[in-house]
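Colleague: Following this message is one structure expressed as structure tokens.
Bear in mind that the values in this text are calculations on the coordinates, not laboratory data. Not measured: the values here are computed from a predicted model. So basically every Cβ, Gly included, is an ideal-geometry build from the backbone, and we count neighbours across all protein chains shown.
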Amino acid sequence: MKPDGAEPANAAENNAASGAEGRPPLRLGVLLSGRGSNFLAIAESIRAGRLTSAVIAVVVSNVAEAPGIAKARELRLPAEFFVSKGRSRAEHDADLIACLRRHRVDLVCLAGYMRLLSAEFVAAFPNRILNIHPSLLPAFPGLDAQRQAFDYGVKIAGCTVHFVDEHLDHGVIVLQRAVPVLDSDDEHSLAARILAEEHLAYTEAIARVVSGGYEVRGRRYVRRESADLA
Ligand code: GRF
């Protein structure tokens, strides 16, 4: 990656979107720590033209060997990592902020990023950070949400895409998708069913943010068409 943030030649091929109505596409910065299936779903949505007016500007990990980073490189997308282990949150997040600014990121998408963000990070991208969580928030925040839901015995589980604030799994909800919990499920089959919905939900949520057709009223995300009627 060149320090001026220029993309390698092939990045454009994996970022098929162009700006709607002459606007430049929104530049996404994807943060991940692991396998990266949500990142890949977003990348595929852009490639296939399901998510227009957005490009992946950079994929960033706090784990050098995260499979998601290897996949980003395979797709010839800009990919960087900053090892967080042993560093203070402030130091690490300052590096992340600088990296995202270097790549001119407009919207940060947390996709299995397993580290809390500092208040400074959240303030650097106000209402410009999305997270996906594998439960119907506010139920089951934190780690192992699918197992928490399974063990609790809920009959409906699902996933949530929300804006990120300073609190864990707490910000304004953009959208949720529900799945039934079957009698035959174990926590793994339930997690797989939720994951399939996550892959749809993240693209839809990004499309909503890209469209700009919404407002945030307190804790409520309201789509503009509904807002106009109110
Ligand atoms: C997903 O279940 C997501 O909801 C949670 O972490 C997991 C990441 O999976 N925040 P992947 O790395 O996107 O496959």
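Colleague: Of Val55, Ala119, Val179, whose Cα points farthest to the positive end of the dipole of the chain (charges on the beta-carbon: +1 Lys, Arg; -1 Asp, Glu; origin at the Cα centre)?
Modeller: Val55
Colleague: While we're here: I'd like to compare 214-225, 189-200: which one has the highest average count of other Cβ atoms within 10 Å, and what's the full order after that?
Modeller: Final packing ranking: 189-200, 214-225.
Colleague: Could you work out how far apart the two model spin labels at Asp95 and Arg35 are, taking each label as a point 7 Å from the Cα in the direction of the beta carbon, and quote it in nm?
Modeller: That separation, rounded to one decimal, is 2.7 nm.
Colleague: Over region 54-191, what number does the Rg to Rh ratio reach, with both radii from the alpha-carbon atoms and Rh per Kirkwood?
Modeller: Answer for region 54-191: 1.00.
Colleague: Could you list Ser118, Ser184 in order of exposure, starting from the residue whose Cβ has the fewest other Cβ atoms within 10 Å?
Modeller: Ser184, Ser118
Colleague: Can you list the trypsin sites (Lys or Arg not before Pro) in region 52-96 that are in a DSSP coil and have 10 or fewer other beta carbons within 10 angstrom?
Modeller: Loop-located and lightly packed - Lys85.
Colleague: What's the magnitude of the charge dipole for the chain around its Cα centre, counting Lys and Arg as +1 and Asp and Glu as -1 at the beta-carbon? Answer in Debye, nearest 20.
Modeller: 480 debye
Colleague: Multiplying the sequence separation of Glu74 and Arg87 by 0.36 nm and subtracting their Cα-Cα distance, what value in nm do you get?
Modeller: So the extension gain works out to 1.8 nm.
Colleague: Rg (Å, one decimal) plus Dmax (Å, integer) for the alpha carbons of the chain?
Modeller: 17.4, 54
Colleague: Just rank Val59, Val122, fewest to most, by other beta-carbon atoms within 10 angstrom.
Modeller: Ranking Val59, Val122 by Cβ neighbours within 10 Å, fewest first, gives Val122, Val59.
Colleague: Can you list residues from other chains, or at least 5 along the same chain, whose modelled amide H is less than 5 Å from the amide H of Leu110?
Modeller: Here Leu31, Leu130, Asn131, Ile132 satisfy the definition.
Colleague: Under DSSP H, which helices of the chain have Cα atoms covering 20 Å or more of the helix axis and a Kyte-Doolittle average no less than 0.0?
Modeller: 187-211
Colleague: Given an 8 Å cut-off on Cα distances and at least 6 residues of separation, report the relative contact order of the chain as a percent.
Modeller: 17 percent
Colleague: Output ³J(HN,Hα) for region 50-56: one whole-Hz value per residue in order, computed from phi by the Karplus curve 6.51 cos²θ - 1.76 cosθ + 1.60 with θ = phi - 60°, and x for Gly and Pro.
Modeller: 3J(HN,Hα) across region 50-56, in whole Hz: 7, 10, 9, 6, 9, 9, 8.
Colleague: Among Ile173, Ile156, Ile69, which comes first, second and so on when ranked by fewest other beta-carbon atoms within 10 Å?
Modeller: Listing Ile173, Ile156, Ile69 from fewest to most nearby Cβ atoms yields Ile156, Ile173, Ile69.
Colleague: Further question: Check Gly171: other-chain or 5+ apart residues with amide H under 5 Å from its amide H, H built from backbone geometry?
Modeller: Amide H neighbours of Gly171, under 5 Å, 5+ apart: Asp165.
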